[in-house]
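For reference, the structure discussed in these notes is given below.
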There are 2 protein chains.
Amino acid sequence: MMDEAAWVATVRRCFLERQADIIRELERLDGARRFSGEDLATPGGGLSRPRVLQDGAAIEKAAVLFTHSIGAALPAAATERNPHLAGQPFQAVALSLIVHPRNPYVPTAHMNLRFFLVAATLPRPLPAHPPAAPAWHFGGGFDLTPHYPFEEDVVHWHRVASDACEAHGGFHAELKRNCDDYFFLKHRGEARGVGGIFFDDWTRGGFNASFAFVDAVGSAFLRGYAPIFERRTAMPWGEREEAFMLLRRGRYAEFNLAIDRGTRYGLQSGRRVESLLASLPPRAQWRYGWRPAPGSPEAELTERFLPPRDWLSPADEP
Amino acid sequence: MMDEAAWVATVRRCFLERQADIIRELERLDGARRFSGEDLATPGGGLSRPRVLQDGAAIEKAAVLFTHSIGAALPAAATERNPHLAGQPFQAVALSLIVHPRNPYVPTAHMNLRFFLVAATLPRPLPAHPPAAPAWHFGGGFDLTPHYPFEEDVVHWHRVASDACEAHGGFHAELKRNCDDYFFLKHRGEARGVGGIFFDDWTRGGFNASFAFVDAVGSAFLRGYAPIFERRTAMPWGEREEAFMLLRRGRYAEFNLAIDRGTRYGLQSGRRVESLLASLPPRAQWRYGWRPAPGSPEAELTERFLPPRDWLSPADEP
């Protein structure tokens, strides 16, 4: 456990620094409001550091939440693939963020980074079938949800994601596909946005390589998002664009409440509700029977941008 | 099957008439807008008759949806308690309605009535354990979700519910408790509203008695809701009341998307998404860390009105 205790401390330090960087940059992009929030000690020496900016000049709501949870006994529901880990002490370190901008031309962005560690490595006596997943893993990723997308923004976003992946092993195509598969509203037959990368149960190359990759993903987020935000935040918009953004945010709420695994698990397991639902849009709308006019920019979103494709290969235009 | 085919026709006629009554009365209450919607034929002779009023003078959105579904083979997922019914032909007739008023002093109201019939009555050979639920049943109920409640309204609502139940067997206390249990946001430790009645797997007294009861519930809805709507719809309100209503609607969306069984089942089973999500509020808000001021009307809702109690016994004041 010596190494593993050091791992938790390393990841915690890294995620806290990343949180501070992102907050600083989002405050710069907003130009008016600051983040606020208190530190909450959690059982066993854990820490919850929620930071939220509401009613900003350019950001309607952003939440950048750090949590380090320490548990005495892993619930059975969390260890379906590894039943021998039930009841073992565990730690989870997570950084999650969402940005709901004011300007409909600026995309909503989301990132999540997490590290999970169960104290036990292998049970004694050894199980007949070795565990299917390791007793530690990383997970996370980031994805972009534009309302009025620009191709150069989408290409830039995926370029940054690809660069981060390719520098650490060359698995961008796989992680992009994971993202397209996960952030999908099956009941609408529609992607949540234009995707990004998504990974779970990540242990490739061992702790050091995995951590370096996750750190790279965390650092890539702002390189991907900030230039898009800056390019679009001064664009004028009107009621039409605002209304469309609110309808799209309704679908975002559908995904988070009805589909997202983390939210669903959290709702059932009694996690702090304000943190769990901090990703929900500040305002959202639903309109019965709404359809975009053929040929409109609103139709272009669903027809040309949401169907998953390889944005980095111009030949893949559908 | 002779009787059962006649049952479906009887229920269908009754629910369609009820839909027309409710639409007429809601249009009268709104005073400006009409409901609209088309009839959609569904496989096997079924009918979907969605009717929606949006952007009314007094009603921001109301949906009154009739559906008669006819299926060739019941999916296994729908028959967990009666596996021998999987694959059997079935019919479902349902009327569901939601009213999201404009005025924060007018409560949101919801009703659902449904009849479910599986063609098979008992399997041959007979199962070792007889089926836990019958091959037909009714379900439904209604509940009220005020933002700024008035005690006389809440008492009236429960009085009408109680009268409907007591005239058909005297089980109001049980059905009120069902409602309090079901419309509860466990993650917030908070009821969705002030309740009403809720029942499922309902076969008491056989088809005729059950149908008469369900018909009485359908007719009670407007006797319960219309007087409350009329008493409150002309009350002046301001930004504060509007903002609070939108936050409460956020919780309504949480319930419908994350908790409601019908919505969850529908999202997974590929039902028509516009109908399935017609109950969602036209506008909703979420605000991180929001708390009502102590002693405010907003605090009174959660402290005095939402904790379930017997509104018809004055002695039960908590």
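The values are calculated or read from the model by the stated rules, or taken from the named source; none is laboratory data. It should be emphasised that the depicted structure is a prediction, and the values quoted were computed from it without experimental measurement. Quick reminder, even Gly has a Cβ in these numbers, built from the backbone with ideal geometry, and neighbours come from all protein chains shown.
Can you find, within the range B:195-224, the residue that is farthest from B:Ala94 (Cα to Cα) among those that are of a type in the set (D, E, K, R) and in a helix (DSSP H, G or I)?
Here is the first cut: in the range B:195-224, the ones of a type in the set (D, E, K, R) are B:200-201, B:204, B:215, B:223.
If we keep only those that are in a helix (DSSP H, G or I) too, we end up with B:215, B:223.
Values: B:Asp215: 12, B:Arg223: 20 Å.
Residue satisfying both the conditions and the ranking: B:Arg223.
Find all pairs meeting these conditions: Cβ atoms under 6 angstrom apart; at least six residues apart or on different chains; first residue within the range A:51-64 and more than 11 Å from chain B (Cβ to nearest Cβ); second residue acidic (Asp, Glu).
Every condition considered, the pairs that remain are A:Gly56/A:Asp30; A:Ala57/A:Asp30; A:Ala58/A:Asp30; A:Ile59/A:Asp30.
Out of (1) in contact with an Asp or Glu (Cβ under 9 Å, 6 or more places away or on another chain); (2) under 30 Å from A:Phe244 (Cα atoms); (3) more than 10 Å from chain A (Cβ to nearest Cβ); (4) not charged (D, E, K, R), what's the single condition that is false for B:Phe207?
Result: B:Phe207 fails condition (2) only.
Of the conditions (1) surrounded by 14 or more Cβ atoms within 10 Å (Cβ to Cβ); (2) closer than 20 Å to A:Arg114 by Cβ, A:His187 clears all except one; give me its number.
(2)
Which residue is farthest from the other protein chains (Cβ to nearest Cβ), if the candidates are limited to the range A:279-296 and must be within 25 Å of A:Ala58 (Cβ to Cβ) and in contact with a helix residue (DSSP H, G or I) (Cβ under 7 Å, 6 or more places away or on another chain)?
A:Ser279
Out of all the residues in the range B:271-318, which are under 25 Å from B:Val154 (Cα atoms), loosely packed, with under 14 Cβ neighbours inside 10 Å and touching a strand residue (DSSP E or B) at 6+ places or on another chain (Cβ under 9 Å)?
The answer is B:Pro307, and nothing else.
Considering only the range B:234-278, state which residues are among the acidic types (Asp, Glu), under 30 Å from B:Thr42 (Cβ atoms) and more than 7 Å from chain A (Cβ to nearest Cβ).
B:Asp260
Taking the range A:161-174 on its own, how many of its residues are in contact with a strand residue (DSSP E or B) (Cβ under 9 Å, 6 or more places away or on another chain) and either closer than 21 Å to A:Glu230 by Cα or not aromatic (Phe, Trp, Tyr) (or both)?
Of all residues in the range A:161-174, those in contact with a strand residue (DSSP E or B) (Cβ under 9 Å, 6 or more places away or on another chain) come to A:161-162, A:164-165, A:171-172, A:174.
If we keep only those that are either closer than 21 Å to A:Glu230 by Cα or not aromatic (Phe, Trp, Tyr) (or both) as well, we get A:161-162, A:164-165, A:172, A:174.
Number of matching residues: 6.
If I filter the range A:255-268 for residues that are in contact with a strand residue (DSSP E or B) (Cβ under 7 Å, 6 or more places away or on another chain), free of Cβ contacts under 8 Å to residues at least 40 places away in the same chain, hydrophobic (A, V, I, L, M, F, W, C) and surrounded by 21 or more Cβ atoms within 10 Å (Cβ to Cβ), do I get at least one hit?
no
Can you tell me which residues in the range B:141-192 are within 14 Å of another protein chain (Cβ to nearest Cβ) and among the aliphatic types (A, V, I, L, M)?
B:Leu185
Given (1) touching a residue at least 60 places away in the same chain (Cβ under 8 Å); (2) within 24 Å of B:Cys165 (Cα to Cα), identify the lone condition not met by B:Trp237.
All conditions pass for B:Trp237, except number (2).
Within the range B:53-93, can you find the residues that are in a strand (DSSP E or B) and surrounded by fewer than 21 Cβ atoms within 10 Å (Cβ to Cβ)?
Listed by number, the residues that qualify are B:Gln54, B:Ser69, B:Ile70, B:Gly71, B:Ala92.
Residues in the range B:222-231: is at least one surrounded by fewer than 23 Cβ atoms within 10 Å (Cβ to Cβ) and either within 12 Å of chain A (Cβ to nearest Cβ) or under 22 Å from B:Thr67 (Cα atoms) (or both)?
Within the range B:222-231, one or more residues are surrounded by fewer than 23 Cβ atoms within 10 Å (Cβ to Cβ) and either within 12 Å of chain A (Cβ to nearest Cβ) or under 22 Å from B:Thr67 (Cα atoms) (or both).
Pull up the range B:273-318, narrow it to residues that are hydroxyl-bearing (Ser, Thr, Tyr), under 23 Å from B:Asp181 (Cβ atoms) and modelled with pLDDT of 95 or more, then point me to the one that is nearest to the chain's Cα centre (by Cα). If you could, list the steps in order and put the result at the bottom.
Restricting attention to the range B:273-318, the residues satisfying the condition of being hydroxyl-bearing (Ser, Thr, Tyr) are B:275, B:279, B:288, B:296, B:302, B:313.
Add one more test, that the residue is under 23 Å from B:Asp181 (Cβ atoms), and what stays is B:279, B:302, B:313.
Still in the list and also modelled with pLDDT of 95 or more: B:279, B:302.
Working: B:Ser279: 10, B:Thr302: 21 Å.
Restricting to residues being hydroxyl-bearing (Ser, Thr, Tyr), under 23 Å from B:Asp181 (Cβ atoms) and modelled with pLDDT of 95 or more, the top hit is B:Ser279.
So which residues in the range B:163-174 are surrounded by fewer than 20 Cβ atoms within 10 Å (Cβ to Cβ) and of a type in the set (Gly, Ala, Ser)?
Hits for the range B:163-174 are B:Ala167, B:Gly169, B:Gly170, B:Ala173.
Does A:Glu25 satisfy the condition of being surrounded by fewer than 21 Cβ atoms within 10 Å (Cβ to Cβ), acidic (Asp, Glu), at pLDDT 95 or above and out of contact with any Pro (no Cβ under 6 Å at 6 or more places or on another chain)? Spell out the reasoning first.
Values: surrounded by fewer than 21 Cβ atoms within 10 Å (Cβ to Cβ): yes; acidic (Asp, Glu): yes; at pLDDT 95 or above: yes; out of contact with any Pro (no Cβ under 6 Å at 6 or more places or on another chain): yes.
Answer is yes for this residue.
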